[in-house]
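Below: one structure, written as structure tokens.
The values are calculated or read from the model by the stated rules, or taken from the named source; none is laboratory data. No experiment lies behind these values; they were computed from the predicted model shown. Cβ sites come from the backbone with ideal geometry, for glycine too, and all protein chains shown count toward neighbours.
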Amino acid sequence: MGKIDDKKKQKKAALLSAAYQLFAVKGIDNTSVSEIVQGAKLAKGTFYLYFKDKYEVRDSLIASQANLLFERASRQMDYVLQEKEPDSVEDSIIYLIDTVVDQLNDSPNLLRFISKNLSWGVFSKLQIADLDNRNCMDIFDALLSESNKKYRQKELMIFMIVELVNATCYNVILNHVPVELDELKPDLYNSIRNILHQFEVKEAAPVI
């Protein structure tokens with residue numbers, strides 16, 4: 001049974017790997033099951049032993065890639081926090097985003113895949129197994145809760161930040177336009193700070 005299980009895992013992994021490469025370049029809508037099995041060098045019937053359709057493959061890939069992305073970012077963040085506490089909640093969020101951006105810069109195919117296939121609806125509810133099955137919104141919410149500040153419409157705020165990062169980093173990382181990533185980062189992170197400040201609920205000054 002051990003050899004059979006190993007072969008099953010290898011076939012499933014081959015299908016996921018082939019689909020990942022195709023989804024990253026072509027997007028899911030322009031990728032067929034036939035192309036996936038051709039890339040995996042397997043028979044078409046084998047595909048349906050593991051997946052109902054290509055959208056189930058996408059969901060499996062999104063879960064696994066997001067796990068890796070946020071697990072690495074969380075580990076790096078924990079390591080830094082052991083050395084020095086961040087000065088503000090803004091610093092914590094920007095550091096988390098910075099570790100994610102650096103990973104995407106190191107893996108252009110991952111950026112292509114996420115940009116083409118990860119919708120906000122999926123992202124906001126996505127559970128990260130290596131982070132106690134918290135979803136992505138929970139991760140940001142936990143950082144916000146560590147400060148004494150209050151924020152209105154937190155989901156909208158995080159949506160704007162995530163979309164800003166995705167939109168600006170895509171061409172900078174993949175095509176190096178209009179600037180290189182190191183030149184983008186200061187202005188990108190200042191924009192994120194401005195969004196956070198925009199949504200912060202200010203305490204009313206006491207009436208004397």
message: Filter the stretch 139-169 down to the residues that are within 13 Å of the chain's Cα centre (by Cα) and in contact (Cβ under 8 Å) with a residue 40 or more places away in the chain and list them by number.
response: ILE139, PHE140, ILE161, VAL162, GLU163, VAL165, ASN166, CYS169
message: Which numbered condition in (1) farther than 25 Å from ASN190 by Cβ; (2) at pLDDT 90 or above; (3) aliphatic (A, V, I, L, M) is the only one that ALA66 fails?
response: (2)
message: I'd like to know if the stretch 49-69 contains one or more residues that are within 18 Å of the chain's Cα centre (by Cα), within 30 Å of LYS149 (Cα to Cα) and polar (S, T, N, Q).
response: yes
task: Return the residue satisfying two criteria in turn: it lies in the stretch 23-34 and is in contact with a helix residue (DSSP H, G or I) (Cβ under 6 Å, 6 or more places away or on another chain) and assigned to a helix (DSSP H, G or I), and of such residues it is farthest from ARG134 (Cα to Cα).
output: VAL33
task: Determine which member of the set ARG58, ARG75 is out of contact with any Phe, Trp or Tyr (no Cβ under 9 Å at 6 or more places or on another chain), of a type outside the set (Asp, Glu) and in a helix (DSSP H, G or I).
output: ARG75
field: Entirely in the stretch 96-208, the helices (runs of 4 or more DSSP H) that have 2 or more residues that are closer than 24 Å to THR31 by Cβ and basic (Lys, Arg)
entry: 108-117
